Amino acid sequence: MASTDPAATSPSETPEWLKPSAGQSASTGAATDEESFGATASAPVDSLKGTEEAAPAPRRRCTRAILGILELVLLAAFVYAAIVQSDDPDKLRWHLYYAFQAALPALFLAYFFCGRARLLGKLIVALAAATSVWSIVYIVLVSLDLQKLLAEEEPDADAKEEYIYELAGVSLGFLSSLYHGIFAICCVRKEKEGMA
């Protein structure tokens with residue numbers, strides 16, 4: 001009577017045909033689990049990447065809208081200042097000053113929203129430099145006139161108010177010239193780097 005080996009017939013032992021071969025690792029199942037986990041985990045990451053790429057578009061539109069509103073406000077302010085100076089004895093010089101100041105936001109609107117031509121960008125930089133110097137000269141002149149008026153014993157209230165308004169106008173013009181000049185320089189440099 002042949003004796004049977006209990007170890008050979010044990011139900012807990014893995015049959016030979018189910019055992020991994022020498023070239024395979026016993027951790028194949030774990031690797032498969034990791035791959036499946038990585039595949040499922042990469043899906044939200046990919047969706048987040050798409051969200052990050054799509055995020056700058058609304059931000060860019062918001063920035064363009066804010067810049068457009070700012071340019072329109074500056075344009076309207078300088079046109080209004082030129083109209084107000086119609087009763088001034090020196091209205092011609094103020095009309096010329098505010099006309100050039102109003103040209104800056106108008107040109108910048110055309111430059112920023114209708115295609116950034118390099119020639120137009122350079123024109124804005126040159127105009128901004130000229131109006132900056134012009135503004136500094138007017139700030140000095142108006143400040144001296146205001147000091148002379150305040151040195152009087154009984155300064156004219158209307159003249160004082162007019163000088164204050166003129167000083168505020170040329171100060172706004174100076175800030176506008178600096179803003180447009182620096183912004184245009186940055187845009188022109190960025191275009192040069194993109195073309196290089």
Which condition does LEU178 not pass, out of (1) open to solvent by 90 Å² or more (accessible area, probe 1.4 Å); (2) closer than 21 Å to PHE100 by Cα, if it passes all the others? (1)
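Let's see how each residue does on (1) touching a residue at least 24 places away in the same chain (Cβ under 8 Å); (2) within 19 Å of ILE69 (Cα to Cα); (3) of a type in the set (D, E, K, R); (4) assigned to a loop (DSSP other than H, G, I, E, B):
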position	(1), (2), (3), (4)
TYR97	yes, no, no, no
ALA106	yes, yes, no, no
ILE124	yes, yes, no, no
ALA128	yes, no, no, no
ASP145	no, no, yes, no
GLU153	no, no, yes, yes
LYS160	no, no, yes, no
ILE164	no, no, no, no
VAL170	yes, no, no, no
Tally, over the range 154-170, of residues that are open to solvent by less than 70 Å² (accessible area, probe 1.4 Å) and either under 24 Å from the mean Cα position of the chain (by Cα) or of a type in the set (D, E, K, R) (or both): 1
Test each condition in (1) more than 30 Å from ARG61 (Cβ to Cβ); (2) open to solvent by 50 Å² or more (accessible area, probe 1.4 Å); (3) at pLDDT below 95; (4) part of a helix (DSSP H, G or I) for VAL140 and report the one that comes out false. (3)
Somewhere in the range 136-150, is a residue within 21 Å of GLY169 (Cα to Cα) and charged (D, E, K, R)? yes
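The values are calculated or read from the model by the stated rules, or taken from the named source; none is laboratory data. Note that the coordinates shown come from a computational prediction; the quantities given were computed from them, not determined experimentally. All Cβ positions, glycine included, derive from the backbone under ideal geometry; neighbour counts span all protein chains shown. Note: areas computed on protein heavy atoms with side chains; ligands, DNA, RNA excluded. Shrake-Rupley method; radii C 1.70, N 1.55, O 1.52, S 1.80 Å.
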